[in-house]
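As structure tokens, the structure follows; a few thoughts come after it.
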Amino acid sequence: MSTFSSKITLNNGIEMPILGLGVFDSGESTAPAVQCAIQNGYRLIDTAAFYGNEREVGEGVKSSGVPREEIFVTTKVWNDMQREGRQRESFEKSLRALDMEYVDLYLVHWPIPGKIHETWKVLERLYEEKLVRAIGVSNFLEHHLEELDAQANIAPAVDQFECHPHLIRKELREYCRARGIVPEAWSPLGRGEALTEPLLKKLGEKYGRTPAQIVLRYHVQNGVVPIPKSVHPERICQNKEVFDFALSPEEMADIEKLDCGDMHGDPDHVDW
Ligand code: A2P
């Protein structure tokens with residue numbers, strides 16, 4: 001059975017933790033949340049230029065006392081910088097805000113029509129220059145990945161997409177896995193909305209866990225890397241306690257039946 005310190009090996013040999021902390025909307029609690037997470041064993045922190053808190057992520061990493069090299073930091077290039085052809089500039093800005101010399105994983109935040117290859121070329125160059133340890137995408141559906149594959153020299157290591165019990169994305173997960181792309185889930189708890197499902201409460205009672213822990217266990221068991229966001233120390237600690245129990249195949253299948261296509265960001269209509 002995997003543990004909280006287990007790693008998954010990306011297609012370029014780099015190791016990535018199998019559960020991390022998301023910081024979208026963490027506001028002024030970002031730095032303390034990052035510090036708390038790292039001091040409690042988290043080694044993966046996921047931010048983005050768009051979140052406007054890369055500086056605070058960098059501060060949280062520093063104040064944790066854990067060496068930078070032991071932390072896996074992800075950030076992403078935002079849409080307007082792709083549209084304007086300023087991807088490189090965006091990366092350099094992120095690096096300055098984080099106050100780091102490199103990023104572990106750099107992602108294309110959303111597929112912008114007509115910009116997929118241009119942006120990817122910039123990411124490939126950053127990888128060749130060793131400014132990023134791995135490159136990947138976010139919110140890419142199968143056809144976006146195919147479009148990328150047609151011209152890419154380097155295959156994406158990760159696809160981070162919205163995935164939770166109300167949007168299970170089974171085909172996309174399988175598509176990624178078949179191509180050696182690690183699937184990563186944003187909003188793994190469905191922004192907390194999915195947690196009210198009676199099934200999750202029932203399973204929580206059976207295993208002595210919270211609905212959030214059942215959902216995170218579901219992701220981990222699927223080989224999907226979840227990055228739950230929380231600014232509360234007790235939840236940050238709770239969310240990592242999912243490695244000492246296992247859901248049965250029937251229970252996993254029951255969770256998948258909660259899918260109702262509840263999508264909060266449509267990758268085919270990126271108009272933001
Ligand atoms: P908070 O930051 O106040 O703890 P997601 O990552 O799926 O978007 O979910 C994030 C939402 O779920 C946030 O509103 C977060 O609130 C809440 N959340 C995070 N962890 C838990 C938990 N263990 N139990 C209940 N709600 C949680």
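When you check ILE236 against the structure, is it closer than 28 Å to PHE72 by Cα, in a helix (DSSP H, G or I) and touching a helix residue (DSSP H, G or I) at 6+ places or on another chain (Cβ under 7 Å), yes or no? The answer is yes for ILE236.
Would you call ASP149 under 22 Å from LEU216 (Cβ atoms) and more than 16 Å from the ligand (Cβ to nearest atom)? Here the answer is no, as ASP149 does not meet what is asked. Cβ-Cβ distances below 7 Å connect the following pairs, each with a first residue in region 76-97 that is within 25 Å of GLU184 (Cα to Cα), a second residue that is at pLDDT below 95, and a separation of six or more residues or different chains: ASN79/VAL270; ASN79/TRP272. Number of residues in region 25-47 that are assigned to a helix (DSSP H, G or I) and in contact with a Pro (Cβ under 7 Å, 6 or more places away or on another chain) equals 1. Note on region 8-40: among residues that are exposed (fewer than 15 other Cβ atoms within 10 Å of the Cβ) and either hydroxyl-bearing (Ser, Thr, Tyr) or away from the ligand (no atom under 16 Å from the Cβ) (or both), the one that is nearest to GLY60 (Cα to Cα) is THR9. Residue-level analysis places ALA97 outside the set of residues that are farther than 25 Å from ASP271 by Cα, in contact with a strand residue (DSSP E or B) (Cβ under 7 Å, 6 or more places away or on another chain) and among the small types (Gly, Ala, Ser). For VAL231, state whether it is buried (at least 23 other Cβ atoms within 10 Å of the Cβ) and over 30 Å from LYS115 (Cα atoms). Here the answer is no, as VAL231 does not meet what is asked.
Evaluate the following for ALA212: is it within 16 Å of the ligand (Cβ to nearest atom) and at pLDDT below 95? In short, no. Pairs are defined by a Cβ separation below 8 Å, a sequence spacing of at least 6 or placement on different chains, a first member in region 176-192 that is basic (Lys, Arg), and a second member that is in a helix (DSSP H, G or I) and surrounded by 21 or more Cβ atoms within 10 Å (Cβ to Cβ); the pairs so defined are ARG179/LEU145.
So which residues in region 181-209 are away from the ligand (no atom under 11 Å from the Cβ) and among the small types (Gly, Ala, Ser)? Answer for region 181-209, where residues must be away from the ligand (no atom under 11 Å from the Cβ) and among the small types (Gly, Ala, Ser): just GLY208.
The values are calculated or read from the model by the stated rules, or taken from the named source; none is laboratory data. Since the structure is predicted, the reported quantities are computational estimates derived from the model, not experimental observations. Every residue, glycine as well, gets a Cβ built from its backbone with ideal geometry; the counts of neighbours run over all protein chains shown.
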